[in-house]
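One structure is given below, encoded as structure tokens.
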Amino acid sequence: TAEIMDGINALYDARVPKSWVYNPAGDEISWLSPNLGVWFGGLLARDDQYRKWLNNGRPFSFWMAGFFNPQGFLTAVQQEITREHKNEKWALDSVVLHSEVTEINNHDNIKSSPKEGVYVHGLFMDGAAWNHHDNTITESAPKKLFSSLPVLHVSAVTTNKDQKGARNTKGDYGPYGGYLCPVYKYPARTDRYLIFSVALPSRDHKPTHWILRGVALLCATA
């Protein structure tokens, strides 16, 4: 059939067969990769995360890119935290995600889960870098397109308790407030691949500086 021939030709050219990525209706059923090697490496990494979760229990840190539907994973985090605060009568409709960049650079060094929320690793910064000394967003190094972000702590708060959002002009986010950085599944920045947004401290520049830089966080660099 034509589909089999397309698959054979794709494998010969080290490309991912279309039928492996999209179903007949055109919906994405796996993940986008530039070549077959990267796609298969992603398959092994995803399988490894799920098997360890199944056999060893809940991971201390989650690889965000390993989820086919990361938005659903984050929604589950909101639901879990809402249930933990049922005595305070938290409602899921009034709960929003709240993220903070930790000082943990290697997720393998994490020995326990956070008291609330989850640790997330594997994100890359595009258009900027992370200053580990001052814990703030900074300019990219020359000729370096991407840089890794330390482990991210993702939790949730009610809207009336969100005191540290990007609109905040004091505290941990610097004198100008935080930059509300979008997080995408792929380098192709479309609403289809937008996951959520993270407020990053910006101590030296106003958020508009990073908007003009087009700074974003990516789950994959290719």
Next on the checklist: Condition first: closer than 16 Å to Y186 by Cα, polar (S, T, N, Q) and part of a helix (DSSP H, G or I). Now tell me which residues in segment 33-89 satisfy that.
Outcome noted: Q71
Next on the checklist: Suppose the filter is within 25 Å of the chain's Cα centre (by Cα) and loosely packed, with under 11 Cβ neighbours inside 10 Å; does R46 pass it?
Outcome noted: no
Item to check | Pairs, first free of Cβ contacts under 8 Å to residues at least 12 places away in the same chain in segment 13-29, second of a type in the set (A, V, I, L, M), C-beta under 6 Å, six or more apart | outcome: P17/A10; N23/I29
Item to check | Answer residue from segment 140-159, given it is more than 18 Å from the chain's Cα centre (by Cα) and either touching a residue at least 12 places away in the same chain (Cβ under 8 Å) or not in a loop (DSSP other than H, G, I, E, B) (or both) and is surrounded by the most Cβ atoms within 10 Å (Cβ to Cβ) among those | outcome: V157
Item to check | Output for segment 63-91, where each listed residue is acidic (D, E) and open to solvent by 60 Å² or more (accessible area, probe 1.4 Å) | outcome: E84, E88
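Please work out if L180 is in a strand (DSSP E or B), open to solvent by 60 Å² or more (accessible area, probe 1.4 Å) and on the phi < 0 side of the Ramachandran plot. Spell out how you get there, then give the answer.
On the way: in a strand (DSSP E or B): yes; open to solvent by 60 Å² or more (accessible area, probe 1.4 Å): yes; on the phi < 0 side of the Ramachandran plot: yes.
So L180 passes the test.
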Next on the checklist: Filter segment 75-100 down to the residues that are under 20 Å from V183 (Cα atoms), among the hydrophobic types (A, V, I, L, M, F, W, C) and touching a strand residue (DSSP E or B) at 6+ places or on another chain (Cβ under 6 Å) and list them by number.
Outcome noted: V77, V95, L97
Checklist entry - Which condition breaks for F60 when tested against (1) open to solvent by 30 Å² or more (accessible area, probe 1.4 Å); (2) under 20 Å from T221 (Cα atoms)? => result (2)
Item to check | Failed criterion for N9 (all others in (1) in a loop (DSSP other than H, G, I, E, B); (2) more than 24 Å from the chain's Cα centre (by Cα) hold) | outcome: (1)
Item to check | Residue selected from segment 19-32 under the condition within 20 Å of A65 (Cα to Cα) and outside any loop (DSSP other than H, G, I, E, B), by the criterion least open to solvent (accessible area, probe 1.4 Å) | outcome: V21
Next on the checklist: Restricting to segment 102-131, name every residue that is open to solvent by less than 30 Å² (accessible area, probe 1.4 Å) and under 18 Å from C219 (Cα atoms).
Outcome noted: T102, V118, V120, H121, G122, L123, M125, G127, A128, A129, W130
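Within segment 132-139, is even one residue closer than 26 Å to T221 by Cα, assigned to a strand (DSSP E or B) and either open to solvent by 20 Å² or more (accessible area, probe 1.4 Å) or polar (S, T, N, Q) (or both)?
Scanning segment 132-139, I find at least one residue that is closer than 26 Å to T221 by Cα, assigned to a strand (DSSP E or B) and either open to solvent by 20 Å² or more (accessible area, probe 1.4 Å) or polar (S, T, N, Q) (or both), so the answer is yes.
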Next on the checklist: Report every pair of residues separated by at least 6 positions or lying on different chains whose Cβ atoms are under 6 Å apart, first residue within segment 90-115 and farther than 19 Å from P201 by Cα and without any contact (Cβ under 8 Å) to a residue 24 or more places away in the chain, second surrounded by 14 or more Cβ atoms within 10 Å (Cβ to Cβ) and polar (S, T, N, Q).
Outcome noted: L92/T82
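The values are calculated or read from the model by the stated rules, or taken from the named source; none is laboratory data. Keep in mind that what you see is a predicted model, and the values were worked out from it rather than measured. Glycine also receives a Cβ, built like all others from the backbone with ideal geometry; neighbour counts cover every protein chain displayed. With ligands, DNA and RNA removed, areas are computed over all heavy atoms of the protein, side chains included. Shrake-Rupley method; radii C 1.70, N 1.55, O 1.52, S 1.80 Å.
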